[in-house]
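Report on one structure; see the data block that follows.
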Amino acid sequence: MNRGRALLAGAHAWCFVCLGSMSAARAQGGSMVAQPPDPTRSEDKIAIAEFAVLSQFAAANGLHATLMMDDGGGCIAYPDQTIVLDRSQITTNLSKIDSNRMSAFVRFLLAHELSHLIQFNKYSYAPATASDPVRQEMESEADIGGGMILYLTLTSQLQSNQTTQIIQDALQLVFNMGQDAEFIGGFHPTHEGRRTSLRYGLSLGTYEYALEAINAGASMYVSSRDHLSAVLELQQTHSVPWTRYMARQITHTGFPNMTSVINSDVDPGISANGMKFNYQVTYTNITPKSVAFDGSVQSISFLRSSPNDTFQSLLWGSNTQRIQLAPGGSVTVTGAMDRVDNSQYVAKLVCPPDPIALYSTGS
Ligand SMILES: [Zn+2]
C-alpha cells in the first residue's frame, strides 16, 4: 500500500520540515565526517533495518534519502537528502532500552530527520538558517511529522501489545531532547513542546491511517476519520500547512512581538461555580512589523501545591479571537469567564504572550 500517496492526496494540507545545526555549516562549505553505515556494527545494523522501512515511505513522497553514520555529531538532515544518524545517541540509550524497543527508537530519530527533508522541499532551505524562534517552529513541525511517520510505519505492530511501549519510548525520547527554556540559546522546542508536537503527529498518523483504510474500502473507519479531523481541526483553513500552524502554537512564534495587559475583577455569586472573571485584555504590538495571531484568553485553575504544573491544571473557559495589529497598534478585548478557586486550586486568567496560552502568529 502506498501510504505516501494517500498522504499527499489528502484533502488537508500537511507537510513538515526540520533542520540540523550542522546543516548550515555544510551549506557554507564545511566538511562532513560521517561515513556510510557499517553492517558489522550493532548500532548501524539497527539503523540500516529501520532506514529500509522509512525509505519506502520517503520514496512515496518523492524523496531518495541516503543514510550516513557519525559519532557524536548529532542527527542531521542535509538539503542533498543525506540523513546522518549519530551512533552515540543509540549507544547512550542502549543501556536504558532493550534491543527490541531500540528499533522503534531509531525509527523515530530517522523519521524526524526525514521530516526535515520534506520541509526542504516544501519551504526551501531558508528556515534552516533563520532565527531561533523560526527554527524551533521547524523542529516542532519535524516532531509532528516524525510522529505521523512513526505511527504509519508501525502497521505490523499496531495489532500487538508493542505499540504502547513504542509510543511511550518516543514520547520520553523527545521530552529528554527538549531544551530547558524558550528562546534561550537553542533552536529546539522545550521538553513539553517536543512532546506535544509528537502527540499531534501521532494523532495525524491515526487520521491518515483511518483515511487510508476508508480508501481501501473499510467503511467502519469513516466515523473515526470524521471525529479525528474535527478534534484536530484539520479542516480549518489556515494560510500555512496544518502541521506548521500547530508548530507555531506549540513554540509560540511571535512571542517577542507583543505585550498584553490583563485587567480583571472577580464578580462573586454569578456563575454556577461561584465566581467569574470579568476581564479586559489589551494587546500591544511592540515591533515595527504588522502582527496577526490567534489570541486565546483562558481561565485555568492550577494546583496550589504546584502552580506551575500545567499537566495538573484545569481549563474552565477559553475565548479565542483573531488579533491583527499594525506596528505600535493596540486592541482591547473584553469578556467574562468562569473562575474556580478552592482550597486545592487557584484560578488564573491567561493570555498571550504568557507561554501557557496557545496562540499563533502569521497572516
Ligand atoms: Zn530536527
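The values are calculated or read from the model by the stated rules, or taken from the named source; none is laboratory data. Keep in mind it's a predicted model, so treat the numbers as computed, not measured. Note that we place each Cβ from the backbone using ideal geometry, even for glycine, and neighbour counts take in every protein chain shown.
Quick one: would you say residue 63 is in the same structural domain as residue 145 (by TED's automatic domain parsing), within 26 Å of residue 176 (Cβ to Cβ) and touching a residue at least 40 places away in the same chain (Cβ under 8 Å)? Considered against the rule, which asks whether it is in the same structural domain as residue 145 (by TED's automatic domain parsing), within 26 Å of residue 176 (Cβ to Cβ) and touching a residue at least 40 places away in the same chain (Cβ under 8 Å), residue 63 comes out as no.
Among the residues of segment 50-108, which ones are among the polar types (S, T, N, Q) and part of a helix (DSSP H, G or I)?
Going residue by residue through segment 50-108, those that are among the polar types (S, T, N, Q) are 55-56, 61, 66, 81-82, 88-89, 91-93, 95, 99-100, 103.
If the condition is that a residue be among the polar types (S, T, N, Q) and part of a helix (DSSP H, G or I), then 55, 56, 88, 89, 91, 92, 93, 99, 100, 103 are the ones that fit.
Here's the yes/no breakdown for (1) within 16 Å of the ligand (Cβ to nearest atom); (2) surrounded by fewer than 15 Cβ atoms within 10 Å (Cβ to Cβ):
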{"residue": "54", "(1), (2)": "yes, no"}
{"residue": "60", "(1), (2)": "no, no"}
{"residue": "68", "(1), (2)": "yes, no"}
{"residue": "71", "(1), (2)": "no, yes"}
{"residue": "75", "(1), (2)": "yes, no"}
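Within segment 73-100, restricting attention to residues that are hydroxyl-bearing (Ser, Thr, Tyr) and either out of contact with any strand residue (DSSP E or B) (no Cβ under 7 Å at 6 or more places or on another chain) or not assigned by TED's automatic domain parsing to the domain that holds residue 33 (or both), the residue that is modelled with the highest pLDDT is 78. Evaluate the following for residue 103: is it away from the ligand (no atom under 15 Å from the Cβ), over 22 Å from residue 201 (Cα atoms) and in the same structural domain as residue 209 (by TED's automatic domain parsing)? When the stated conditions are applied, residue 103 does not pass them. Being in a loop (DSSP other than H, G, I, E, B) and either within 16 Å of the ligand (Cβ to nearest atom) or surrounded by fewer than 22 Cβ atoms within 10 Å (Cβ to Cβ) (or both) is not true of residue 145.
The residues in segment 36-49 that are buried (at least 17 other Cβ atoms within 10 Å of the Cβ) and in a loop (DSSP other than H, G, I, E, B) can be counted, and the count is 1. Taking segment 77-93 as the search range and keeping residues that are surrounded by fewer than 17 Cβ atoms within 10 Å (Cβ to Cβ) and away from the ligand (no atom under 16 Å from the Cβ), which one is nearest to residue 57 (Cα to Cα)? So, considering only residues that are surrounded by fewer than 17 Cβ atoms within 10 Å (Cβ to Cβ) and away from the ligand (no atom under 16 Å from the Cβ), the one nearest to residue 57 (Cα to Cα) is 80. Any residue in segment 345-357 that is within 10 Å of residue 297 (Cα to Cα), at pLDDT 80 or above and part of a strand (DSSP E or B)? Checked against the condition, which is being within 10 Å of residue 297 (Cα to Cα), at pLDDT 80 or above and part of a strand (DSSP E or B), segment 345-357 yields at least one hit.
Taking into account only those residues within segment 106-123 that are more than 10 Å from the ligand (Cβ to nearest atom) and under 29 Å from residue 353 (Cα atoms), which is surrounded by the most Cβ atoms within 10 Å (Cβ to Cβ)? By that ranking, first place goes to 123. Cβ separations smaller than 7 Å between residues 6+ apart or across chains give the following pairs from segment 74-94 residues that are at positive phi to residues that are at pLDDT 90 or above and in a helix (DSSP H, G or I): 81/117.
Is it fair to say residue 138 is within 15 Å of the ligand (Cβ to nearest atom), modelled with pLDDT under 85 and either surrounded by 23 or more Cβ atoms within 10 Å (Cβ to Cβ) or within 26 Å of residue 45 (Cβ to Cβ) (or both)? When the stated conditions are applied, residue 138 does not pass them.
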